[in-house]
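Novice: I'd like to ask some things about the structure below.
The values are calculated or read from the model by the stated rules, or taken from the named source; none is laboratory data. Just so you know, these numbers come straight off a predicted model, no measurement behind them. Positions of Cβ are backbone-derived with ideal geometry, glycine not excepted, and every protein chain shown enters the neighbour counts. Each accessible area value is taken on the protein alone, full model and side chains, heavy atoms only, with ligands, DNA and RNA left out. Shrake-Rupley method; radii C 1.70, N 1.55, O 1.52, S 1.80 Å.
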Amino acid sequence: MHTEATPVEADVSELDLVKQSQAGNTEAFDQLVSRYRTRVFGMIYNMVHNEQDAWDLAQDSFVKAWKSIERFRGQSSFYTWIYRIIMNVTIDWLRKKQVKGAGAEFDDAIQLKEINPASRTVPKADPLPHERMEQREIRQRIDAAIAQLTPEHRAVILMKEIEDMQYHEIAESLECSIGTVMSRLFYARKKLQNLLRDIYENV
């Protein structure tokens, strides 16, 4: 990773870059952005499934982060802090686009014991050459199913399953309780497993 940075850049800590950014140093902020640009774009793309929209939202998020960098107090990592901004920007955009979950949401009568909260939603398998077409079709089905979730449920699924974030990190990024994260994750997994029932039955 350090091969992409000059020796000076590689030695500058995240906290130092934040402090320099807070003092108005745009080059320091550019270095912070460059460290996370790919992860940020990937997460937003998984939310919106459109490359241009994802780049636009990433840019909007970084601009918003620059404007509010003085409010960063270092109580969490810079990435967790900017992640919160990214999620707010992306979820707000999805709401404005009126992207809503298709069908009825699950109600609170569903018991958590019906599903193992620790289980991963999507079956994992490395495709053999002759299976690639089938795996591509499954990937498309999974993406389409995720797109039917509300923005809030989509966010927790992607943060947990793609980013592999911990419950407390998701809660901090979404500014909600861990209980809310667990509830949203449960409902999202349950809905995905219903939408993808045939895939589960054939693995």
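Novice: Among (1) of a type in the set (A, V, I, L, M, F, W, C); (2) touching a residue at least 60 places away in the same chain (Cβ under 8 Å); (3) surrounded by fewer than 18 Cβ atoms within 10 Å (Cβ to Cβ), there is one condition residue 144 misses while meeting the rest; what is its number?
Specialist: It is condition (2) that residue 144 fails.
Novice: Mind checking which residues of the range 158-169 are open to solvent by less than 10 Å² (accessible area, probe 1.4 Å) and touching a Ser or Thr at 6+ places or on another chain (Cβ under 9 Å)? Give the steps one after another, and end with the answer.
Specialist: Step one: list which residues in the range 158-169 are open to solvent by less than 10 Å² (accessible area, probe 1.4 Å), which gives 158-159.
159 - this is the single residue of the range 158-169 that is open to solvent by less than 10 Å² (accessible area, probe 1.4 Å) and touching a Ser or Thr at 6+ places or on another chain (Cβ under 9 Å).
Novice: Follow-up. Considering only residues that are acidic (Asp, Glu) and surrounded by 15 or more Cβ atoms within 10 Å (Cβ to Cβ), which ones fall in the range 31-55? Spell out the reasoning first.
Specialist: Within the range 31-55, the subset acidic (Asp, Glu) is 51, 53.
Of everything in the range 31-55, just one residue is acidic (Asp, Glu) and surrounded by 15 or more Cβ atoms within 10 Å (Cβ to Cβ), namely 53.
Novice: Residues in the range 140-148: is at least one closer than 24 Å to residue 89 by Cβ, in a loop (DSSP other than H, G, I, E, B) and at pLDDT 85 or above?
Specialist: So far as the range 140-148 goes, yes, one or more of its residues are closer than 24 Å to residue 89 by Cβ, in a loop (DSSP other than H, G, I, E, B) and at pLDDT 85 or above.
For every residue, the table says whether it meets (1) open to solvent by less than 50 Å² (accessible area, probe 1.4 Å); (2) at pLDDT 50 or above; (3) among the charged types (D, E, K, R); (4) within 30 Å of residue 68 (Cβ to Cβ).
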position: 93; (1), (2), (3), (4): no, yes, no, yes
position: 97; (1), (2), (3), (4): no, yes, yes, yes
position: 103; (1), (2), (3), (4): no, no, no, no
position: 108; (1), (2), (3), (4): no, no, yes, no
position: 152; (1), (2), (3), (4): yes, yes, yes, yes
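Novice: Turning to a different aspect of this structure: Quick one: which residue in 68, 61, 76 is under 22 Å from residue 175 (Cβ atoms) and either touching a strand residue (DSSP E or B) at 6+ places or on another chain (Cβ under 6 Å) or at pLDDT below 85 (or both)?
Specialist: Working: 68 fails: either touching a strand residue (DSSP E or B) at 6+ places or on another chain (Cβ under 6 Å) or at pLDDT below 85 (or both); 61 fails: either touching a strand residue (DSSP E or B) at 6+ places or on another chain (Cβ under 6 Å) or at pLDDT below 85 (or both).
From the options 68, 61, 76, the qualifying one is 76.
Novice: Here is a check on your reading of the model: is residue 193 over 30 Å from residue 74 (Cα atoms) and open to solvent by 50 Å² or more (accessible area, probe 1.4 Å)? Walk me through it before giving the result.
Specialist: Details: over 30 Å from residue 74 (Cα atoms): yes; open to solvent by 50 Å² or more (accessible area, probe 1.4 Å): no.
No, not satisfied.
Novice: Out of all the residues in the range 66-82, is one or more in a helix (DSSP H, G or I), open to solvent by 30 Å² or more (accessible area, probe 1.4 Å), under 26 Å from residue 147 (Cβ atoms) and acidic (Asp, Glu)? Steps first, answer last, please.
Specialist: Taking the range 66-82 first, the residues in a helix (DSSP H, G or I) are 66-67, 69-71, 78-82.
Those left that are additionally open to solvent by 30 Å² or more (accessible area, probe 1.4 Å): 66-67, 70-71.
So of that shortlist, the ones also under 26 Å from residue 147 (Cβ atoms) come out as none.
No.
Novice: Condition first: open to solvent by less than 60 Å² (accessible area, probe 1.4 Å), part of a helix (DSSP H, G or I) and under 22 Å from residue 86 (Cβ atoms). Now tell me which residues in the range 170-182 satisfy that.
Specialist: 170, 171, 173, 174, 180, 181
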